[in-house]
Amino acid sequence: MPIEIITADITRLAVDAVVNAANPTLLGGGGVDGAIHRAAGPGLLEACRQLPESSPGIRCPVGEARMTGGFALPARYVIHTVGPVWHGGDRGEPALLSSCYRQSLQLAAAHGLRTVAFPAISCGIYGYPPERAAPVALAALRETLQEHTDMRVQLCCFDTRMAAIWRHALNPA
Ligand code: AR6
């Protein structure tokens, strides 16, 4: 199975790339974004600053992905993606979330990377209910992995309650 659900701190994973649940500025924040920046050190912020803005202050629109080095992280690269803020589900949230997973994995594949760890994008500060996010995310990952059969994905949950939700979505009983 190329998709595995794990419970861990994503900043500790020695994979080719970890995905960051960022905001459009790519200049850091709370949650997993703050943890990744703290663990990677100041070089990561500097690399993010150097990414071009598509409009003032926007380095990564919602649903897209950008890549930097991993600096002091055990992971070689960080793929920054911006999930949707949950507004109830009728403002295109599923399509945008799906796009985050697909574009992040495609960016990794384009750079020849094989192991990628994702956090539960949008499921914290952005408020996406994890029971609704997990099936959307897993469908996007499965579909993209069909084109990249040598790749392996870890879905890294921060706690066991979140991991149980994702495991249920992966293997509905
Ligand atoms: N390892 C793995 N998962 C983690 C870690 C960690 N070290 N830390 C938190 N999580 P969030 P979002 C989980 O809020 O909802 C930032 O300010 C967390 O428990 O990090 O996409 C950005 O700059 C949750 O399940 O991301 C944006 O402004 C999941 O990661 C905004 O938050 C995602 O929660 C993005 O919000």
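The values are calculated or read from the model by the stated rules, or taken from the named source; none is laboratory data. All figures in this text were calculated on a predicted structure; none of them were measured in a lab. FYI the Cβ positions are ideal-geometry reconstructions off the backbone, even for glycines, and counts take in every protein chain you see. Each accessible area value is taken on the protein alone, full model and side chains, heavy atoms only, with ligands, DNA and RNA left out. Shrake-Rupley method; radii C 1.70, N 1.55, O 1.52, S 1.80 Å.
Of interest is the spacing of the C-alpha centroids, which for region 1-37 and region 62-133 amounts to 9 Å.
A 1.4 Å probe run over the protein chains yields, for the chain, 46 Å² of accessible area per residue, whole-number rounding. The mean sequence separation of alpha-carbon pairs under 8 Å and at least six residues apart, normalised by the residue count of the chain, gives a relative contact order of 30 percent. Close amide-amide hydrogen proximity is noted between Arg152 and Thr115, Val116, each under 5 Å apart and 5 or more residues distant or on a separate chain (H modeled in the peptide plane; Pro and chain starts excluded). The string of couplings for region 161-173 from the Karplus curve (6.51, -1.76, 1.60, θ = phi - 60°) is 5, 5, 4, 5, 5, 6, 5, 5, 5, 6, 10, x, 6 Hz, one whole number per residue in order, with x for Gly and Pro.
The accessible surface of the chain, taken with every protein chain in place and a 1.4 Å probe, is 54 percent carbon and sulfur.
DSSP beta bridges confined to the chain are antiparallel in about 25 percent of cases. Computed from the C-beta positions of Ile58 and Ala110, the FRET efficiency with R₀ = 22 Å rounds to 0.50. Surface calculation, 1.4 Å probe, protein heavy atoms: Asp150 sits at approximately 80 Å² accessible. In plain terms, the chain from Asp159 to Gln146 could stretch by 1.8 nm, reckoned as 0.36 nm per residue minus the Cα-Cα distance.
Projecting the Cα positions of Leu105, Ala75, Gln154 onto the charge dipole of the chain (unit charges on Cβ atoms of Lys, Arg, Asp and Glu, taken about the Cα centre) puts Ala75 furthest along the positive direction. Counting only protein chain heavy atoms and rolling a 1.4 Å probe, the accessible areas of Met151, Met1 rank, largest first, as Met1, Met151.
Lys and Arg at +1, Asp and Glu at -1: add these up for the other residues within a Cβ distance under 13 Å of Ile3 and post the number. That works out to +1. Across region 16-29, rounded Karplus estimates of 3J(HN,Hα) from the backbone phi angles (6.51 cos²θ - 1.76 cosθ + 1.60, θ = phi - 60°) give 5, 8, 9, 9, 9, 8, 9, 10, x, 6, 6, 9, x, x Hz, Gly and Pro being marked x. Can you tell me how the chain classifies by the Cα gyration tensor, rounded, prolate or oblate, using a/c under 1.5 as the rounded cut? Taking the square roots of the gyration eigenvalues as a ≥ b ≥ c, the chain is rounded. Distant-in-sequence amide contacts of Tyr77, defined by a placed amide H-H separation under 5 Å and a gap of 5 or more residues or a different chain, comprise Ala17, Val18, Gly70.
The HN-Hα couplings worked out from phi for region 133-144 by the Karplus form 6.51 cos²θ - 1.76 cosθ + 1.60 (θ = phi - 60°) are 6, 4, x, 5, 5, 5, 5, 5, 5, 4, 5, 5 Hz, whole numbers, x standing for Gly and Pro.
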